[in-house]
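The values are calculated or read from the model by the stated rules, or taken from the named source; none is laboratory data. Computed from a predicted model, the values in this text were never measured in an experiment. We place every Cβ from the backbone using ideal geometry, glycine too, and count neighbours over all the protein chains shown. Accessible surface areas use protein heavy atoms only, side chains included; no ligands, DNA or RNA. Shrake-Rupley method; radii C 1.70, N 1.55, O 1.52, S 1.80 Å.
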Amino acid sequence: MAALLLKCYKPLILLCPTSTTAIHVPTHKIFISNNKNFLTRSRFYFSTQLGQSQSCTSTKGSGGTENEMPTRQQLFLHNTMSKKKELFRPKTPGQVGIYLRHLGYKVKYVRNFTDVDDKIIVRANQLGEDPIDLSRRYCEEFHRDMAYLHCLPPSVEPRVSDHMPQIIDMIKQILDNGHGYQIEGDVYFSVDKFPQYGQLSGRKLEDNRAGERVAVDSRKKNPADFALWKSAKEGEPFWESPWGPGRPGWHIECSAMSAAYLGYSFDIHGGGMDLIFPHHENEIAQSCAACDKSNISCWIHNGFVTIDSEKMSKSLGNFFTIRQVIDLFHPLALRLFLVGTHYRSPINYSDAQLESSSDRIFYIYQTLYDCEDALSQNDEATRSDNVPQETVDCIEKFNDIFCTSMSDDLHTPVVLAAMSEPLKTANDLLHTRKGKKQKLRIESLAALEKAIKNALITLGFMPTGYSEVLHELREKALKRAKLTENEVLHRIDERNTARKNKEFGKSDAIRKNLAAVVRKAQLGDQLSLLHYKQSTLKQLE
């Protein structure tokens, strides 16, 4: 069955559900629903209303006073249009188009699918299948992979095939306003009629090529003119229109969808960097041509996922599907790998980096599991209201970094790095002699667990249960090592027996063999915490 392609970009919006803004993100360049062919494309739009603000975290110091972190309502985002970082100001106070629930906004999340497309049609014809049915099937696969990655589902999910009236109406408006022309059933946008063309990409009109997806049509007035409506061709789906039967061009559907659900003026529009031109440039042109009040406050674009510094690409054959990746690595390890780099920076895919992410996410969940276990052995009713000042300082420092970094153009890597300190403090309290003797130890653990959990919830990393996800991470680690848990246990027992029988040559051989497998698969943290009879690696020393 088809799987999502881990292609060009990090999933900007879904990785960080903690921003304050309105977004239209074309994810067909983030994840494409197919393992061999680029088929169903999806796009994202967001709209929110301001709800009750939430403080980052509240803890109590040893004196019993509230040390409450104020909510950071200011968000700075890098705007592709201005080429600089700007303070985000919503068009309507308290109402924003985006996904940032953490700052107290009520979210309306709209994601649309392109289910009519040249490549979908070609593939459907090859399979002898209806293009819309094929698209629906791939949309379902897309949903499964997004669920694996803990990506939030949308409030509304419109499809292009269901919105032809809106698309046709927008094309009519563009023609009525003198920005387009018809040729034998095709309708084109005239870039010469829009002087601002190129404002987003910074390209001059004379430097622009025709749309990357189509050959130059000699009938066009300017080679850069792009299709708004394509006349019907044999073997293709079509819809009736004032210009004859046909279907939409690539760009118009996005403008029509965003206008239908967010209006012509909204806060943030985003996507991958290679969509800046021509896709987003064309969206600006056609939206403004249809309505002179069209305006988007901020354009944000995310970097490529690369392999050996080259962009992942089907044409280069250097891509992996999500299903291929999560067959060996836990989906939350993949999510951590993606969030671990700032969204505007390129991120280089490698198994070694995914191994590192797997170890890190295992460490995080193991710490929280141990905290939960320790707290379960203590009656909550008997706990003090106080928390040692040292713990309070640790938590407040982390909360301050979290709020400041997420408000500063969504700097998720800084947040993940800052989480190291509360995790270390919790592990010291759990496992060191000094930590176990600390006064108000349980109160500190409860406060630390809450702070770490709050951050993970905001970043989309909370599993249904720690025990379950730790088991899944261990199973993936063993699969990468081509081992089963029983095989590891059996080899350890064999070594122990050999040592008892003073067969030290055999014992050393088993140890070296198993240790080599562990090192080769880079499974240190995950295998060292497998909860076997003792730590696996300890028994290999």
- [ ] Give the cross-link partners of Lys479 among the aspartates and glutamates, using a straight C-alpha distance below 13 Å as the criterion and excluding same-chain residues fewer than 8 apart.
- [x] Asp327, Glu355, Glu487
Open item on the list: Under 20 Å between alpha carbons, and skipping anything fewer than 8 positions from Lys193 in its own chain: which aspartates and glutamates qualify?
Closed with: Asp169, Asp176, Glu206, Asp207, Asp217, Asp225, Glu281, Glu283, Asp292
Task: Antiparallel DSSP beta bridges within region 243-384, as percent of all bridges there, nearest 5 - done: 20
Open item on the list: Just the number: Rg to Rh for region 291-430, Cα atoms, Kirkwood Rh, two decimals.
Closed with: 1.10
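Suppose accessible area is computed on protein heavy atoms with a 1.4 Å probe; arrange Tyr365, Tyr261 from highest to lowest. List each step's numbers first, then the result.
On the way: Tyr365 0, Tyr261 65 Å².
Solvent-accessible surface, decreasing: Tyr261, Tyr365.
Please tell me which of these pairs span more than 22 angstrom C-alpha to C-alpha: Lys221/Lys311; Lys172/Lys230; Lys230/Lys311; Lys204/Lys230?
Numbers: Lys221/Lys311 34 Å; Lys172/Lys230 14 Å; Lys230/Lys311 31 Å; Lys204/Lys230 26 Å.
Too far apart for the 22 Å limit: Lys221/Lys311; Lys230/Lys311; Lys204/Lys230.
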- [ ] Taking the Cβ of Gln377 as the centre, find all other residues whose Cβ is under 15 Å away and add up their charges (Lys, Arg: +1; Asp, Glu: -1).
- [x] -4
Open item on the list: Can you pull out the GluC sites (Glu not before Pro) in region 197-299 whose DSSP state is coil and whose Cβ has at most 13 other Cβ atoms within 10 Å?
Closed with: Glu212, Glu234, Glu240
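So if each residue of separation counts as 0.36 nm, and I subtract the Cα-Cα distance between Asn486 and His431, what length gain in nm does that give? Don't skip to the answer; put the middle values down first.
Values: separation 55, 0.36 × 55 = 19.80 nm, distance 2.75 nm.
Separation in residues times 0.36 nm, less the Cα-Cα distance, equals 17.0 nm.
Please report the net charge: other residues with Cβ closer than 13 Å to the Cβ of Tyr264, K and R +1, D and E -1. Before the final figure, lay out the partial values.
Details: positive: Lys91, Lys293; negative: Asp169, Asp267, Glu283, Asp292.
Around Tyr264, the surrounding residues sum to -2.
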TODO: Measure out, as a whole number of angstrom, how far apart the alpha-carbon centroids of region 291-361 and region 414-457 sit.
DONE: 30
Open item on the list: Counting only other residues whose beta carbon sits under 9 Å from that of Trp229, what net charge do I get with K and R as +1, D and E as -1?
Closed with: +1
TODO: Sequence neighbours fewer than 8 away in the same chain don't count; with that in mind, list the aspartates and glutamates whose C-alpha is under 18 Å from Lys439.
DONE: Asp379, Glu380, Asp385, Glu390, Asp393, Asp428, Glu449
- [ ] Could you order Lys500, Lys450 by accessible surface area, starting with the largest, using a probe radius of 1.4 Å?
- [x] Lys500, Lys450
